[in-house]
1. May I ask you to say which residue of Arg156, Arg97, Arg127, Arg104 is open to solvent by 60 Å² or more (accessible area, probe 1.4 Å), touching a residue at least 12 places away in the same chain (Cβ under 8 Å) and in a helix (DSSP H, G or I)?
2. Is it the case, given these coordinates, that Val74 is within 26 Å of Met1 (Cβ to Cβ), open to solvent by less than 60 Å² (accessible area, probe 1.4 Å) and of a type outside the set (Ser, Thr, Tyr)?
3. State all residues of the range 35-46 that are modelled with pLDDT of 90 or more and open to solvent by 70 Å² or more (accessible area, probe 1.4 Å); if no residue qualifies, say none.
4. Which of the residues that make up the range 1-34 are of a type in the set (Gly, Ala, Ser), open to solvent by less than 50 Å² (accessible area, probe 1.4 Å) and assigned to a strand (DSSP E or B)?
5. Among the residues of the range 178-195, is any open to solvent by less than 50 Å² (accessible area, probe 1.4 Å), at positive phi, assigned to a helix (DSSP H, G or I) and of a type outside the set (A, V, I, L, M, F, W, C)?
6. Test each condition in (1) modelled with pLDDT under 90; (2) over 27 Å from Pro89 (Cβ atoms) for Ala150 and report the one that comes out false.
7. Determine which single condition Leu49 fails, assuming it passes every other condition in (1) modelled with pLDDT of 95 or more; (2) open to solvent by 10 Å² or more (accessible area, probe 1.4 Å).
Amino acid sequence: MRRTQRVVQTTDPTVAAEAIARTHVTHGVDVDSEGAAFVFEERVRGTRLLSLGTTSCTGVVSGAIEPDSAMVLVWLKSGRGTIDGKPVPVGRPVLYRNDSQQVRFESFQKDVIRIDRATVEQVAAQRGEWAPGPLEFHPHHVPEGPTLAAWWLMVRTVAAEVLGGPEEVSEERERQLTRFAAGGLLTAIPHWPVNQHVPAVARTRFARAEAFLLELLVNRSPWRTSLTLPG
């Protein structure tokens, strides 16, 4: 399996909008320079199963993000952002839900991780002892404390391999890494099978062991990471 890399650096808002449309399934995306000197840069590296990206923009990006075959989480490093009108906190991961949503980012730097949706559903089913299938996530949940620390540890580990690892990788290894990333997502965001009215409590040995490990992180500071893709 091949890790591809895409780099876009432009001062043209139209080119920036085209780059965003290649990263996400979008509708009506608009990039406004806000009348100032405009600079846009986006770097993405990974496979169809797992990829990381970083974007900086001096203007305003707005429009609709549509669901696709990946679970997408974004975290702002600087600037302002909203998803469906709700502010995106700086330094906290936010999950794009499996539905159309309106986004707006202004003079920002942000990172994104894309994780294969089917893999996330399989890992969730194994942890929760339910049949694989679509998931619901706690809307607008912002992780804190030990779950946030576990999230940053996952991101740091994945980034070291996806960004610094070889271009060619075995499919088995990439699937293992994708499952690890899925575990970080599922630890950070409460979830349950679609049509179940309350979150299920995972009952597997793995879930119990994970809960124990998270308790050990309570008194540690959350890890943060800033993605640096080779240019």
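The values are calculated or read from the model by the stated rules, or taken from the named source; none is laboratory data. Because the structure is predicted, anything quoted here is derived from the model rather than measured. No Cβ is skipped: glycine too gets one built from the backbone with ideal geometry, and neighbour counts run over all protein chains shown. Note: accessible area is taken over every heavy atom of the protein model, side chains too, but ligands, DNA and RNA are not part of it. Shrake-Rupley method; radii C 1.70, N 1.55, O 1.52, S 1.80 Å.
1. None of the other options fit; the residue is Arg156.
2. For Val74, the condition - within 26 Å of Met1 (Cβ to Cβ), open to solvent by less than 60 Å² (accessible area, probe 1.4 Å) and of a type outside the set (Ser, Thr, Tyr) - is met.
3. The answer is Val39, and nothing else.
4. Those that are of a type in the set (Gly, Ala, Ser), open to solvent by less than 50 Å² (accessible area, probe 1.4 Å) and assigned to a strand (DSSP E or B): none in the range 1-34.
5. No, that holds for no residue.
6. Among (1) modelled with pLDDT under 90; (2) over 27 Å from Pro89 (Cβ atoms), the lone unmet condition for Ala150 is (2).
7. (2)
To keep it simple, each residue is scored yes or no on (1) without any contact (Cβ under 8 Å) to a residue 60 or more places away in the chain; (2) in contact with a Ser or Thr (Cβ under 6 Å, 6 or more places away or on another chain); (3) not hydroxyl-bearing (Ser, Thr, Tyr).
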residue: Val29; (1), (2), (3): yes, no, yes
residue: Thr55; (1), (2), (3): yes, no, no
residue: Val60; (1), (2), (3): yes, no, yes
residue: Ser69; (1), (2), (3): yes, no, no
residue: Gly79; (1), (2), (3): yes, yes, yes
residue: Ile83; (1), (2), (3): yes, no, yes
